[in-house]
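Everything on this sheet refers to the single structure shown next.
We did not get these values from a lab; they are worked out from the coordinates using the rules stated. Since the model is a prediction, treat every value here as computed from it, not as a measurement. With ideal geometry, Cβ positions are generated from the backbone for all residues, glycine too; neighbour counts draw on all protein chains shown.
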């Protein structure tokens, strides 16, 4: 069974603030497979706004090759980026604010 995701859904689920945030995406010429497996073939780097087709594009986040489009995002207090563990892709959220972690939220530990 396929695990589908979108970057926009991931960001919203983790509280991304669209009002203060920026999203940078990197694209390849292969629209069907834009992910990190083709990161050496990036042809365009640009900003993306909420609703941008690359942010709403569904991809398989389950085990296998990394299909998540290349992105990096930042809002007022946090950065967001994709992580991969054993072929499964997810999103990592790293706060700039020490109090976020002192309140009991786990520190970042991206998979490998």
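What to note about this one:
- Separation of alpha-carbon centers, segment 49-112 and segment 5-28, rounded to whole Å: 9
- Using the Cβ-Cβ distance between residue 101 and residue 56 with R0 set to 30 Å, the FRET efficiency works out to roughly 0.45.
- The overall shape of segment 39-112, judged from the alpha-carbon gyration tensor, is oblate: a/c is not under 1.5, and a/b is no greater than b/c.
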